1. Which one of the conditions (1) in a strand (DSSP E or B); (2) touching an Asp or Glu at 6+ places or on another chain (Cβ under 9 Å); (3) surrounded by fewer than 23 Cβ atoms within 10 Å (Cβ to Cβ) does Thr183 fail to meet, given that it meets all the rest?
2. For the range 400-419, check the following and say yes or no: at least one residue is closer than 23 Å to Asp272 by Cα and of a type in the set (D, E, K, R).
3. Testing Val43 on (1) closer than 25 Å to Asn371 by Cβ; (2) at pLDDT 95 or above; (3) among the aliphatic types (A, V, I, L, M); (4) out of contact with any Lys or Arg (no Cβ under 9 Å at 6 or more places or on another chain), one condition comes back false. Which one is that?
4. Check Val117 against each of (1) modelled with pLDDT of 85 or more; (2) surrounded by 14 or more Cβ atoms within 10 Å (Cβ to Cβ) and name the one condition it does not meet.
5. Right, Asn229: at pLDDT below 95 and buried (at least 17 other Cβ atoms within 10 Å of the Cβ) or not?
6. Please return the ranges of strands (runs of 3 or more DSSP E) entirely within the range 251-302 where 2 or more residues are polar (S, T, N, Q) and touching a Gly at 6+ places or on another chain (Cβ under 7 Å).
7. If you take the residues in the range 127-176 that are of a type in the set (Phe, Trp, Tyr) and not in a loop (DSSP other than H, G, I, E, B), which one is nearest to Pro87 (Cα to Cα)?
8. If you check every pair at least six apart or on different chains, which have Cβ atoms under 8 Å apart with a residue in the range 54-81 that is under 19 Å from Tyr125 (Cα atoms) and in contact (Cβ under 8 Å) with a residue 24 or more places away in the chain first and a residue that is buried (at least 17 other Cβ atoms within 10 Å of the Cβ) and among the acidic types (Asp, Glu) second?
Amino acid sequence: MKNKLLTIAALAVAFAGCQSQEKKKEENKDKADVIATTDSQQVNLPAPYATKSVKKFSKIIGWPNGKKPVAPAGFTVQMYATNLKSPRNIYIGPNGDIFISEANTEAKGVKKVANEVSGKSQSGYDGPSANRITILRDANHDGKPELQKIFLSGLKEPYGMLVLNNYFYVANTDGIWRYPYKTGQTAITEKGQKILDLPAGGYNNHWTRKIIASTDGSKIYVSVGSGSNDGEHGKDNEKRRADILQINPDGSGEKIYASGLRNPAGIAFAPDHKTLWAAVNERDELGDNLVPDYLTSVKEGGFYGWPYAYFGQHEDPNHKGENPEMVKKTITPDVALGPHTASLGLTFYTKNAFPAKYHNGAFVGQHGSWNRSVFSGYKVVFVPFDNGKPGKIEDFLTGFIADESKNEVYGRPVAVEEMPDGSLLVADDGASKIWRVSASK
C-alpha cells in the first residue's frame with residue numbers, strides 16, 4: 001500500500017509539472033515571438049518554446065565485451081580502470097598518481113519513485129553514493145594501473161580534488177576539506193579540517209564542486225552550481241550559487257570571482273596559466289534547442305546571465321523585465337557546445353603526444369541530454385585553439401549511444417583529464433569505467 005501511495009504521489013508531481021510547463025509556454029508565447037524576431041536571430045538561436053520541453057532519459061546498458069568508445073583515426077582507446085562506483089571526476093597528483101572521486105545523486109522517498117516512473121533512475125547509478133576517493137597508480141607506465149585502492153572514504157558527495165602546500169583538498173557538496181598529505185601516500189590517515197562551508201546539493205546533479213588553484217598557488221577557485229533550473233525558488237535559494245568563488249588556501253578571503261554561471265561544472269586555466277575557462281550547463285525547459293551549454297573564458301567580476309538572460313543578452317522569458325540592468329551586463333560566452341549536452345568535464349591539452357592540431361586545445365566531456373527529443377552530448381568534444389582563441393567544435397570520443405530508438409546508451413562520459421604521458425583519461429560514470437585514449441604508435 002505504501003509503495004502504491006508513493007507511486008501515485010510521484011505521478012501527481014509529474015502531472016503537475018506538465019501542467020505548469022504548458023501554462024508557462026502559453027503565458028510566454030508572445031514574449032517568445034518578440035525575442036525570436038530580434039536578438040536571438042543574431043546568434044541563430046530559436047525562440048523559447050519553439051518546441052515543447054521533452055523528457056527523454058537514457059537507459060544505461062553497459063559495454064558488451066569487445067565494445068568501447070570510438071576515437072578518430074590514429075588513436076587507441078583502452079579500458080583503464082573498472083570496479084568503480086559512479087566515477088565522476090579525475091585528478092592527477094604531482095607524482096602522477098590518479099585520484100577518482102566516486103559519488104552520485106541519491107534520490108529517496110517520493111523522488112526516488114518519481115525517478116523510477118519517469119525512467120530517470122536508469123540513466124545513472126541510483127543507489128547509495130560511494131562517497132569516496134580511489135587512488136590508481138601505474139608505476140611502470142604500461143597503461144594498466146598496478147594499484148587501485150580506496151584513498152579516502154566517509155565523504156559527502158565529493159567531486160573536486162587538489163594537492164597544494166602539503167595538503168590534499170576535497171570539495172564535498174557542502175564544503176571544502178583539507179588533509180595533511182605527502183606525495184606518494186596511498187591513503188589519508190590524518191584527520192581533516194573543514195575550511196569552507198558551501199550550500200549543499202542543487203538542481204539535478206548540481207551538487208558537484210570543482211576546485212583548482214591559481215598558477216602561483218595563492219588562490220583556490222570553487223565552482224558552485226545553481227539550486228534550481230531557472231531561479232524558480234527565489235533569490236535566497238541561490239546565495240553563493242551559480243558562481244565561481246575565489247578563496248585563500250586556508251579558506252579565508254572568499255569573494256565571488258564571476259557570477260551568472262548556471263552550473264560551471266568544469267573549470268581550468270588555459271595553457272597560458274592566466275585565463276580561467278569554464279564549461280557551463282545552461283537551463284532546461286525552453287525547448288529542444290535552447291539553451292546551448294557553452295565554453296567560455298571567465299572574467300573577474302563578470303556576469304554571464306543566469307537566470308535573467310542566456311547566451312549573451314537574450315532575456316529569459318520567465319524573467320521578463322525583472323532586471324534589465326543585469327541583462328545588459330551579460331557577457332556572451334565564447335563557444336556554444338550544443339543544447340542540453342550536459343557539458344561537465346574540461347581539460348586543456350598541453351602535451352605533445354597528440355597531433356599538433358590538438359596542442360593547447362580543450363577537451364569537454366558531455367554527459368548527455370535528458371531534456372531533448374533527440375539525444376545530444378554523450379561524447380567528448382574537442383575545441384581547437386589558435387593563439388588563445390577557440391575554433392570550431394568537433395567530435396573526439398563517440399560511440400556511447402547504443403540504440404537511440406530504445407533510449408539505450410553504453411555509458412556516459414563526464415570528467416576528462418590529461419595524463420603526464422600525453423594520453424587522455426575519460427571518466428564514464430554510467431558504466432563505472434575509466435577510459436584511456438592515446439595516440440597510436
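The values are calculated or read from the model by the stated rules, or taken from the named source; none is laboratory data. Nothing here was measured: the structure is a model prediction, and the numbers come from that model. Backbone-built Cβ (ideal geometry, glycine too); neighbour counts: all protein chains shown.
1. The number of the failed condition is (1).
2. Yes.
3. (2)
4. Unmet condition: (1).
5. No, not satisfied.
6. Working: elements: 255-259, 263-269, 276-281, 292-298.
In the range 251-302, no matching strands (runs of 3 or more DSSP E) lie anywhere.
7. Selected residue: Phe151.
8. Close Cβ pairs satisfying both conditions: none exist.
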